[in-house]
Amino acid sequence: MAKNTRELRNIGIIAHIDAGKTTVTERMLFYSGYSHRIGEVDKGTTVTDYDPEEQERGITIQSAAVTFPYKNIDVNLIDTPGHVDFTAEVERSLRVLDGGVVVFSAREGVEAQSETVWRQADKYHVPRIAFINKMDREGADFGATVDEIRQRLEARPLVLTLPIGVGPPHFPDAFRGVVDLVAMKRLTFSEEKGALVTADAIPNDLVESAQKWRTHLLDELSHFSDELIQLLLDERPVPAQLIRKVIREATLHDMIVPVFAGSALDGIGVQPVMDAVVEYLPSPQDMPPVAGIDLSEKDAPIERKPSAAEPFCGLVFKIQADRHGDLHYVRVYSGELRAGTRVYNPGKDKKENVPQLWRVQADHREQVESVSAGDIIGIVGLRHSVTGDTLCDAKHPILLESITFPETVISMAIEPENSTERKKLADVLDMMRRQDPTFHAAESEETGQTLISGMGELHLEVIKHRLLREYRLNVRVHNPRVSYRETISQQVETTGQCHRTMGGQTLCGEVAIRLEPFDAGAKPVTVVAACGDALPPELLAAATETLQQQAEGGGLLGFPLMKVKITVIGGGYDAAHPNPIAFRMAASDAFNKALRAAGIVLLEPIMRLEITTPEEHLGDFVADLQKRRATITRTHNRGRNTVIDAQAPLAELFGYSSAMRGLSQGRATCTMEPSSYGPAPPEVLEGFV
Ligand SMILES: Nc1nc2c(ncn2[C@@H]2O[C@H](COP(=O)(O)OP(=O)(O)OP(=O)(O)O)[C@@H](O)[C@H]2O)c(=O)[nH]1
Ligand SMILES: [Mg+2]
């Protein structure tokens, strides 16, 4: 356990799919002494890709946490998936981590998904370092990748290790080591998988280029330190210690991105990245206080410093279910958390027991008694809390901002064979839903089918496999289709009434609402009140709660509503017998009338596509995209390839990967990610009404 939060790093490894995150993680675990055997993604033997589905596919699906010691520092590391269908794993990891290692493939450079994860890290202000991997591949280009980091990601890359050679071992000038531009030494990596680092003099033929890069490094750093400028002006030597101090400061403030070169597969250049994690990425104590709202003080803003002396608060960012029960991963922001105590979940207004704390090591865990501010821990035994919930000291309540996840875009119907299977299916889906906030499942009483929804074809395919193979359920699985949404075409105002006698009691109430298109809220449906003091608070609360529930129940076609706002603008009640039930009925009546009057707009998911193809296939791609109702936003050249940026409805993109391979004889690549929801063509709407 960490003795002091200065001696802790919480970092994530993020990147485009296949850039080498899991391989880098595996090397780090080996060099730190955490594992004694080195695993390979291609053999399904890595620590963090421990799930059979991951081992079979050779990709990471769920983020995995490991803690390893390195140079007296405890590193909590999360290896995230690169595939866009699992982007929620990246989002929630970045929300709770203090620093990131972004991996690039020197052959492919900055790819579409590299850009997405970079922007996610920007959103959470996560300081990061970059590792340009796969320098051993033919066609690897370190300089071009650094330029792309500068241009495409609008970052300020600062090269700290320079590759020596490029390409596979049998090449005459194979990639074989790096020049450390801070210490001005050559580093070579020998013994098992490069575990032994040797630093010696830079060979003569490299001195000139190393000097050039070093000068550039010092120039860049001089923007951040007067002391360094002075030494440069006086033409005095700049001590490595000062360079490291300035790099650290500038990295912590997100002003620069230190860049390293290497090949994780061959074990070259990874230890300098580990040193940089320790040296340049923030400890929890370097982080600003976490901000939340004080529920006991009329929602006033409040902060908690990353100190054990403060009252406890933390955020649940992930739930993993297995045979031992749910494991809730919590980032502790302040105070101390002890096993056997009680905490408060302010969002749900529930007390929770914390029976056990576990430090999670990929697929195995160790029990601990307590953890302090800055740490990441697993709790077994929470009953009410879900991902995004705050946990805190009941006497000092604070509510932290939750984590938002994207809307699902694709659905698939599944039918259990019989009622025993139906019950089993419901339990399994319930567990999957707890673990994965981007997975939804809803049972339709009419059809007896269960509709599951997720982020993409791969996401649903993995779920389908789990149901059939891991849980051995007897279910029939239909083909995937897109997830539609509904919105409204115009603003309307309606009044709903309730005049009834029930059990001898007269229920009287009237609620006036405005229903309008609204595209600014973080939530799909926003419900607010704007009727001054016209209604007593308990009646108003009854009306707004009903409206929220009604809206969540879906629109006229039964699809979830989005981009709408409902405002309670007035109402009337019997002052002698104010009755919330009457108000609920009146609100529901107003909502139904409004929905009918406002007109249906059916929305379909639109994807952002980036296709990289050799130029000669450009025409075929453009013609094919036009048939798919796509809008091409840009085409431009990158290296020898042409890149097409486009937007197209997901409904037209099923099986696109194989169509794309056909169009280019397997030479093009494509990434797609959900971008927005747009109006579906009239014939699709007609099919539903
Ligand atoms: N030549 C070469 N191959 C590498 C290197 N690093 C990783 N690979 C290979 O690239 C493939 C992907 O590596 P992973 O480590 O699984 O990549 P990842 O970023 O974790 O992938 P996802 O988790 O699926 O996004 C595997 O076949 C690795 O063996 C490298 O430095 N050089
Ligand atoms: Mg991986």
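The values are calculated or read from the model by the stated rules, or taken from the named source; none is laboratory data. Quick caveat: nothing in here was measured; it's all calculated off a predicted structure. Reconstructed Cβ throughout: ideal geometry from the backbone, glycine too, with neighbour counts over all protein chains shown. Quick note on the areas: whole protein, heavy atoms, side chains included, nothing else; ligands and nucleic acids left out. Shrake-Rupley method; radii C 1.70, N 1.55, O 1.52, S 1.80 Å.
What the table shows:
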{"quantity": "Given (1) at pLDDT 95 or above; (2) within 30 Å of Met660 (Cβ to Cβ); (3) over 31 Å from the mean Cα position of the chain (by Cα), number of the condition Pro614 does not satisfy", "calculated": "(1)"}
{"quantity": "Pairs, first over 22 Å from Ser190 (Cβ atoms) in segment 200-213, second open to solvent by less than 50 Å² (accessible area, probe 1.4 Å), C-beta under 8 Å, six or more apart", "calculated": "Ser209/Leu162; Trp213/Val159; Trp213/Leu162; Trp213/Val179; Trp213/Leu181"}
{"quantity": "Filter pass, Ala240 being without any contact (Cβ under 8 Å) to a residue 60 or more places away in the chain, of a type outside the set (Phe, Trp, Tyr), over 20 Å from Val182 (Cβ atoms) and open to solvent by less than 60 Å² (accessible area, probe 1.4 Å)", "calculated": "no"}
{"quantity": "Checklist (1) away from ligand 1 (no atom under 11 Å from the Cβ); (2) touching a His at 6+ places or on another chain (Cβ under 9 Å); (3) within 14 Å of Thr25 (Cα to Cα) applied to Ile59, failing item", "calculated": "(1)"}
{"quantity": "The listed residue being over 27 Å from Leu187 (Cβ atoms), surrounded by fewer than 22 Cβ atoms within 10 Å (Cβ to Cβ) and not acidic (Asp, Glu), out of Arg119, Arg150", "calculated": "Arg119"}
{"quantity": "The lone exception for Ile59 - which of (1) within 30 Å of Thr635 (Cα to Cα); (2) within 16 Å of ligand 2 (Cβ to nearest atom); (3) surrounded by 21 or more Cβ atoms within 10 Å (Cβ to Cβ) it fails", "calculated": "(3)"}
{"quantity": "Some residue of segment 214-229 being among the aromatic types (Phe, Trp, Tyr) and open to solvent by 40 Å² or more (accessible area, probe 1.4 Å)", "calculated": "yes"}
{"quantity": "Members of segment 302-338 that are assigned to a strand (DSSP E or B), among the hydrophobic types (A, V, I, L, M, F, W, C) and open to solvent by 10 Å² or more (accessible area, probe 1.4 Å)", "calculated": "Ile302, Ala321"}
{"quantity": "The listed residue being away from ligand 2 (no atom under 14 Å from the Cβ), on the phi < 0 side of the Ramachandran plot and modelled with pLDDT of 90 or more, out of Val96, Val103", "calculated": "Val96"}
{"quantity": "Any hit, segment 467-478, residues being open to solvent by less than 60 Å² (accessible area, probe 1.4 Å), in a helix (DSSP H, G or I) and touching a residue at least 12 places away in the same chain (Cβ under 8 Å)", "calculated": "yes"}
{"quantity": "Top-ranked residue in segment 31-53 [being assigned to a helix (DSSP H, G or I) and within 8 Å of ligand 1 (Cβ to nearest atom); ranked as farthest from Gly269 (Cα to Cα)]", "calculated": "Asp42"}
{"quantity": "Filter pass, Asp51 being more than 12 Å from Val75 (Cβ to Cβ) and open to solvent by 50 Å² or more (accessible area, probe 1.4 Å)", "calculated": "no"}
{"quantity": "Given (1) out of contact with any Ser or Thr (no Cβ under 8 Å at 6 or more places or on another chain); (2) near ligand 1 (Cβ under 10 Å from one of its atoms), number of the condition Ile13 does not satisfy", "calculated": "(1)"}
{"quantity": "Checking Thr390 against (1) more than 22 Å from Ile376 (Cα to Cα); (2) among the polar types (S, T, N, Q); (3) at pLDDT 85 or above, the condition it does not meet", "calculated": "(1)"}
{"quantity": "Residue that is nearest to Pro69 (Cα to Cα) [pool: residues in segment 23-44 that are within 13 Å of ligand 2 (Cβ to nearest atom) and open to solvent by 10 Å² or more (accessible area, probe 1.4 Å)]", "calculated": "Thr23"}
{"quantity": "Of all residues in segment 175-191 being among the aliphatic types (A, V, I, L, M) and assigned to a strand (DSSP E or B), the one that is surrounded by the most Cβ atoms within 10 Å (Cβ to Cβ)", "calculated": "Val178"}
{"quantity": "Qualifying residue in segment 64-77 (condition: out of contact with any helix residue (DSSP H, G or I) (no Cβ under 7 Å at 6 or more places or on another chain), within 12 Å of ligand 1 (Cβ to nearest atom) and at pLDDT 85 or above)", "calculated": "no"}
{"quantity": "Inter-residue pairs, beta-carbon under 6 Å, first closer than 13 Å to Asp49 by Cβ and in segment 7-21, second within 10 Å of ligand 2 (Cβ to nearest atom) and acidic (Asp, Glu), 6+ apart", "calculated": "Ile13/Asp79; Lys21/Asp79"}
{"quantity": "Residue tally, condition open to solvent by 50 Å² or more (accessible area, probe 1.4 Å), in contact (Cβ under 8 Å) with a residue 12 or more places away in the chain and small (Gly, Ala, Ser), over segment 542-578", "calculated": "0"}
{"quantity": "Residue in segment 45-54 that is farthest from ligand 2 (Cβ to nearest atom), counting only those that are free of Cβ contacts under 8 Å to residues at least 60 places away in the same chain and either aromatic (Phe, Trp, Tyr) or within 16 Å of Ser35 (Cβ to Cβ) (or both)", "calculated": "Thr45"}
{"quantity": "Test: Val246 is under 30 Å from Ser225 (Cβ atoms), outside any strand (DSSP E or B) and more than 16 Å from ligand 1 (Cβ to nearest atom)", "calculated": "yes"}
{"quantity": "Matching residues in segment 68-86 - criterion: being more than 14 Å from ligand 2 (Cβ to nearest atom), open to solvent by less than 20 Å² (accessible area, probe 1.4 Å) and either among the polar types (S, T, N, Q) or closer than 26 Å to Val409 by Cα (or both)", "calculated": "Asn76"}
